[in-house]
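Please treat every number below as a calculation from the coordinates, not as lab data. Because the structure is predicted, anything quoted here is derived from the model rather than measured. All Cβ positions, even for glycine, are placed from backbone atoms using ideal geometry, and neighbour counts span all protein chains on display.
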2 protein chains.
Amino acid sequence: MNKYNWTVLKSDKNSKARNGLISTPNGKIETPAFIFCATKAALKSISTDIIRSSKTQIILSNTYHLMLQPGGDLISKHGGINKFMNWEGPTLTDSGGFQIFSLGNGSISSEIKGRHLKKNKSLIKITEEGALFKSYIDGSKHKLTPEKSIEIQRKIGANIILVFDECTPYNVNKSYTAESMHRSHRWADRSIEEFNNNKYFKSSYGSSGKQSLYGIIQGGVYKDLREESISFNHSKNYFGLAIGGSLGSSREEMYEVVKFTSSQLKTKYPVHLLGIGDVFDIWEFVKWGVDTFDCVNPTRLARHGTALMRNSKGKINIKNSIYKENLGNLDERCGCITCKNYTKAYLHHLFKIKEVLGLQLLTIHNVFYMNEMMEKIRRGIKNDNIDFEKKNWFLI
Amino acid sequence: MNKYNWTVLKSDKNSKARNGLISTPNGKIETPAFIFCATKAALKSISTDIIRSSKTQIILSNTYHLMLQPGGDLISKHGGINKFMNWEGPTLTDSGGFQIFSLGNGSISSEIKGRHLKKNKSLIKITEEGALFKSYIDGSKHKLTPEKSIEIQRKIGANIILVFDECTPYNVNKSYTAESMHRSHRWADRSIEEFNNNKYFKSSYGSSGKQSLYGIIQGGVYKDLREESISFNHSKNYFGLAIGGSLGSSREEMYEVVKFTSSQLKTKYPVHLLGIGDVFDIWEFVKWGVDTFDCVNPTRLARHGTALMRNSKGKINIKNSIYKENLGNLDERCGCITCKNYTKAYLHHLFKIKEVLGLQLLTIHNVFYMNEMMEKIRRGIKNDNIDFEKKNWFLI
């Protein structure tokens, strides 16, 4: 019996946007949905109680980080990531490939958006077998192969897991992008084989045996390569598809790549866009058929004092001195704990004294904000008025 | 109508310990009780929701820190500390004197316990008028006088406020201790006069007009000086009394000073011991008549990975590698969120990756632990078996 299911509940009349339902053994995810990054099995600064009460549907963790610390075995001993971090809802893990190829190269979003220029210092060698890299913690050498990635993801036990791939950088030519894509396709075949190897189902890893696999569309900014990768992915028995690889070096190029790629995908797959989560972009990308998003932005911004806001800029920075004596709430229309209980002046004070509680309260707000925004997007699809909902959300 | 009241509900048959009730306009405090330090109007790393759900009765903030950042006026504009930090329960502020005289001299407990040797770098001058000091934030000069301290404490608006005093260091001779004590007594008189000046009751500071005043017993380690200070304090119309000043340089000396001082105090006052909160000491001091305690220890220890435990040492350090693969809860008998939901291995992981959530979860546990322990002490008084409760608490 397959506990995984993808249903489109309602399609938007004016675009390719759809309101759908991803069923997993750990619960359902109503899409479009945002997936929050609990990179190392912790959503930085907030507990799972708060994650839940902030309407979060699904979180993700990173295989690369978890394999190094605390290791897949310890998580598997707990019975999987859910029990390890006390989160009973749906989860996703990436394959680890992304971090190997991008750490040491600036931020994840720099990589996807082609802004990275520095040499990758942790990657030692890419071979047909896999990738050899140095641990960012102690410099020790590690190898990640498709088989190893799936094995670790099995141990971690997330609901949705990804094939092992190379995240091809932006600053390479078409020939390398093609070569890399073909290798990632071969790695995908090996990932699938490992995934289908039922030894795990007989193991004692508990829920680790009950997972679903997503393929990843490669091809960088080249339409013909994207098409080739889409064909490849369509020919496999994936539960869902993720749009990966480089999305170009400008917002225009990113829009072009995402629009083109998503337009070619069969509607029978839930579509995930890897690592993109700008609040304005999301409203556009759902119209092109993207169902789920992940990005560190909402939580990372919070830690730097940025509160996501329903204004034309989509944010404010609470550290700004104009908030020093502002006795108003962050957002009168927001129902999060932070907005209901604290003034801007108090939040400003917490950031000025560098108090951890400050980043925690802003993280709570930003998580709640994202979940509320996704709810409004879903309502827009249900009522065929996404643009109205968007204007109402940003008060523009 | 005085909204403040102190009632002894039950006295222990075998010691001077008592189970009492301090009534304030913000609620009652059942004693013996522990007062947690929200130094800068935030209990480091945890929100007021958690403070409440962890059975906390009362918190304190520091006048010294708040006068510098964000200033008494901003707090008063919020309607007082309760509204500023979203805490509706009882509160206490110290007079600010302690920090002026001890900051730059090591920790608070070092000062009280006579361990400080370094010269105070922030204090510029003590005169009859008050203390001139430099801000630890920007080096700007500030003057704190008895009148100023009470004025700021009025603006902050805590329920229990303290007279302005010099926290006489340990490493001075008896003659200086006496001189300092006499000045603090004169400052106390000025604090009382300012407190009784009813201009505040007519002001718009809201709850700031509804406060109670504690005197502070000075005299260092000298019994005759302590007696003189006790006489002085007994002659004033205080709501409660705090034991302040140096308590000596060893545990033995501290026990001696606390035992002697508390034994001389009239039972009509609730007695607070300033800055002491070792889990073993508390069980002794309640027997000598101390009703409330405050200390940064429970929360500070948590931030360094130390969990308070019901074992013979009273603690463990979760960063210790022996917990790396420990799938047990921190304490099976503890009902806090942390103990109910997370394994030692997960908490260890959070500290290894330096994740803020780790110190937050340990802080929650330590706060809950202290409140549970105080509850057991109160039960011991009610049943005249404090020692039995103590043995049962520490499993010794």
Handout entry: Rounded to 10°, Cα long-axis angle of helix B:223-234 versus longest principal axis of chain B
Key = 70 degrees
Problem - Positive minus negative residues near B:Thr24 (Lys, Arg vs Asp, Glu; Cβ under 15 Å) - result: 0
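Find, among the GluC sites (Glu not before Pro) in the stretch A:318-396, those assigned to loop by DSSP (not H, G, I, E, B) with at most 12 other beta-carbon atoms within 10 angstrom.
Hits after loop and neighbour filter: A:Glu332.
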Handout entry: Label 7 Å beyond Cα on the Cβ vector: B:Glu375 copy-to-copy distances, nm
Key = 3.3
Handout entry: Other copies of B:Phe280: label-to-label distances in nm, shortest first, labels 7 Å along the beta-carbon direction
Key = 6.3
Fill in the blank from the handout: Helix-only [θ] at 222 nm, chain B, -39500 (n - 2.57) per DSSP H run of 4+, per residue, nearest 500, equals -12000 deg cm²/dmol
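What FRET efficiency do you get for A:Glu252 and A:Arg333 if R0 is 35 Å and r is their Cβ-Cβ distance, rounded to the nearest 0.05? Intermediate results must be reported in sequence, preceding the final value.
Values: r = 32 Å, r/R0 = 0.92.
With a Förster radius of 35 Å, E is 0.60.
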Practice task
Mind checking the stretch B:1-101 for trypsin sites (Lys or Arg not before Pro) that DSSP puts in a loop (not H, G, I, E or B) and that have at most 16 other Cβ atoms within 10 Å?
Solution key: B:Lys3, B:Lys13, B:Lys55
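Quick one: dipole size for chain B, taken about the Cα centre, charges +1 on Lys/Arg Cβ and -1 on Asp/Glu Cβ, in debye to the nearest 20.
Working: 57 positive and 38 negative charges, 132 e Å.
It comes to approximately 640 debye.
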Problem - Axis-proximal residue, chain B, for the rotation superposing B on A (Cβ, Å) - result: B:Val356, 3
Practice task
Using the structure shown, select from B:Lys44/B:Lys344; A:Lys287/A:Lys319; A:Lys44/A:Lys134; A:Lys83/A:Lys259; A:Lys3/A:Lys268; B:Lys125/B:Lys155 the pairs with a Cα to Cα distance greater than 27 angstrom.
Solution key: A:Lys287/A:Lys319; A:Lys83/A:Lys259
Handout entry: Positive-pole candidate from A:Thr267, B:Ser149, B:His304, dipole of the protein assembly as shown, charges at beta carbon
Key = A:Thr267
Practice task
Provide the percentage of antiparallel DSSP beta bridges, counting only those with both residues in chain B; round to the nearest 5.
Solution key: 50 percent
Handout entry: Unit charges at the beta carbon, dipole of the protein assembly as shown: most positive-side option, A:Ile243, B:Asn86, A:Asn233
Key = B:Asn86
Problem - Inter-label distance for A:Asn326 and A:Asp49, nm, one decimal - labels placed 7 Å from Cα along Cα-to-Cβ - result: 2.9 nm
Fill in the blank from the handout: Rounded to the nearest 10 degrees, the helix B:251-264 long axis (Cα) sits at an angle to the longest Cα principal axis of chain B of 60 degrees
Exercise for the section: Using Cα centres only, tell me the gap between the stretch B:309-334 and the stretch B:138-172 in whole Å. Expected result: 39 Å
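Just want to confirm a number: the relative contact order over chain A, from Cα pairs under 8 angstrom separated by 6+ residues, in percent. Display every interim value, and only then the final one.
Working: 808 pairs, mean separation 68.1, N = 396.
Normalised by residue count, the contact order of chain A is 17 percent.
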Fill in the blank from the handout: With the label point 7 Å along the Cα-to-beta-carbon line of B:Tyr136 and a cut-off under 18 Å to each amide N, the hits in the stretch B:295-325 are B:295-304
Completion exercise
In degrees rounded to 10, the 0-90 angle between helix B:174-196 Cα long axis and the longest Cα principal axis of chain B is 80 degrees
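Taking the Cβ of A:Glu325 as the centre, find all other residues whose Cβ is under 10 Å away and add up their charges (Lys, Arg: +1; Asp, Glu: -1).
Values: positive: A:Lys324, A:Lys344, B:Lys77; negative: B:Asp73.
It works out to a net charge of +2.
Direction-averaged shadow area of the convex hull around the Cα atoms of the stretch B:248-344, nm²?
That works out to 7.9 nm², a quarter of the Cα hull's surface.
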Problem - Other copies of A:Gly139: label-to-label distances in nm, shortest first, labels 7 Å along the beta-carbon direction - result: 3.9
Exercise for the section: Specify the residue with the greatest mean-square fluctuation among B:Lys313, B:Lys259, B:Lys148, computed from a Gaussian network of chain B linking alpha-carbon atoms under 10 Å apart. Expected result: B:Lys313
